[in-house]
Amino acid sequence: MSDELFAEREKGFEAKFKLDQEMEFRAQARRNRLFGLWVAGILGKAGEEAEAYAKSVVAADLQKPGHDDVMDKVKRDLAEAGKTHPETELRAEYERLLAVARQQIVEEAAKG
């Protein structure tokens, strides 16, 4: 394989990797928003109040590496509101919504 062809393939792989990383970041941010809306419903929030809460969940994910900051915030907010929700159910919904968010992004990309 010529050096030129190898360099082109390498650039292609790098571009795909970058795109995949951007798509995953968008999917995780969307998942956090969807999760925030779901939790807002449990907390009895609707409309603008639910949207504001969802934004606060998205922002919580930027506090430290990993997603424990999102779970910590949600569990704390639920506890403060006197709502009990099993952590296993919270985590299951969190994972389910990542798949939903990924699918939404793929569908939007396909539409152009």
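Each value in this text was obtained by applying a stated rule to the coordinates, not by laboratory testing. Everything numeric in this text was worked out from a predicted model, so none of it was measured. Cβ placement follows ideal geometry from the backbone for every residue including glycine, while neighbour counts extend to all protein chains displayed.
Structural remarks
- For the chain, relative contact order (Cα pairs under 8 Å, six or more residues apart, normalised by length) works out to 31 percent.
- Between residue 3 and residue 100, the simple spin-label model (points 7 angstrom out along Cα→Cβ) gives 5.3 nm.
- Computed from backbone phi with θ = phi - 60° and the Karplus coefficients 6.51, -1.76 and 1.60, the 3J(HN,Hα) list for segment 77-86 is 5, 5, 4, 5, 8, x, 9, 10, 9, x Hz; x is used for glycine and proline.
- Backbone phi angles across segment 21-38, fed through the Karplus curve with coefficients 6.51, -1.76 and 1.60 (θ = phi - 60°), yield HN-Hα couplings of 5, 5, 5, 5, 4, 4, 5, 5, 5, 5, 4, 4, 5, 4, 5, x, 5, 4 Hz in residue order; Gly and Pro are listed as x.
- In sequence order, calculated HN-Hα J values of segment 101-109 (Karplus, 6.51, -1.76, 1.60; Hz; x Gly/Pro): 4, 4, 5, 4, 5, 4, 5, 5, 5
- Here volume of the Cα convex hull per residue in Å³ was calculated from the structure, and among (1) 91; (2) 131; (3) 100 it sits at label (2).
- Where Cα atoms sit under 20 Å apart: lysine pairs in the chain separated by 8 or more or lying on different chains: 12
- Separation of the residue 68 and residue 49 label points, Cα + 7 Å toward Cβ, nm: 3.2
- Net charge of neighbours whose Cβ lies under 10 Å from the Cβ of residue 104, counting Lys and Arg as +1 and Asp and Glu as -1: +2
- Projecting the Cα atoms of 97, 21, 82 onto the charge dipole of the chain (Cβ charges, centred on the Cα centre) puts 82 farthest toward the positive pole.
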